[in-house]
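A short worksheet on the structure shown next.
Any read-out appearing in this document is the output of simple, stated calculations on the displayed coordinates, not a laboratory observation. Note that this is a predicted model, so its numbers are computed, not measured. Glycine also receives a Cβ, built like all others from the backbone with ideal geometry; neighbour counts cover every protein chain displayed.
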Amino acid sequence: MKQTVRLIAVVFLIFTITACSGIQVSQDFEQGFDFSGLKTFAWKSNENNEWGLTNNDLVDRRIRNAVVNTLKAKQFTQDDSGKPDFLISYELTVEQRINSSNVSGGVSMGRSSHGRAGSIGISTGSQISAYDQGTLLIDVTDVASDKLVWRGVSSQALPDLSDPQRLTDRVNETVEKILSQFPPK
């Protein structure tokens, strides 16, 4: 019995840790490309606002700072004056999505002057809610060939991030998780 309780506790802990990770990322890259030669980077030119954000310099700076800090922590060097090995760019899109569920439920417990009471309710009516889904793409372009050689992507439901510090923390966490896959192994 004691071992069963421990096993259930371990399974619950693993489930909780997995569920809390929250940020899902993926990558795509040019197979056969030698990433070991990439040491220095610079931002890809954005003269015509081809990528990045429009009308939100605050979030743009947060994303750029997170990318630069993460790449520097990975021992890459920023080289804006010479000829870098690779160029970095990003794109952020936010789309409104609809979530629907045909079943919902609830449990209530209470106490009154007549004693304790509890109830369980199940509804089979449609539950519809709207949410914002953000997708952040980070691209690496090889300078020598002028070709996209790596792309990291994170797509997630956006929580209410009206607090600037929470937004900065979320951007940093997302960028770090995306770039944890760069260079590919």
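Once both labels are positioned 7 Å from their Cα atoms along Cα-to-Cβ, the gap between Gln165 and Asp146 label points is 4.7 nm. Remark: Lys177, Lys39, Lys83 ranked as Lys83, Lys39, Lys177, counting other beta-carbon atoms within 10 Å and listing the fewest first.
Quick one: if the Förster radius is 22 Å, what FRET efficiency do Asp79 and Glu30 give, using the C-beta to C-beta distance and rounding to 0.05?
Details: r = 22 Å, r/R0 = 0.98.
The calculated FRET efficiency here is 0.55.
Between the beta carbons of Ser100 and Ser45, assuming R0 = 25 Å, the FRET efficiency works out to 0.05 to the nearest 0.05.
Residue pairs exceeding 21 angstrom between C-alpha atoms, taken from Lys44/Lys185; Lys83/Lys177; Lys147/Lys177; Lys74/Lys185: Lys44/Lys185; Lys83/Lys177; Lys147/Lys177. Electrostatic bookkeeping for Glu173 treats Lys and Arg as +1 and Asp and Glu as -1; over the other residues with beta carbon under 13 Å from its beta carbon, the sum is +2. Neighbours of Ala66 by Cβ distance under 12 Å: Lys/Arg scored +1, Asp/Glu scored -1, total +2.
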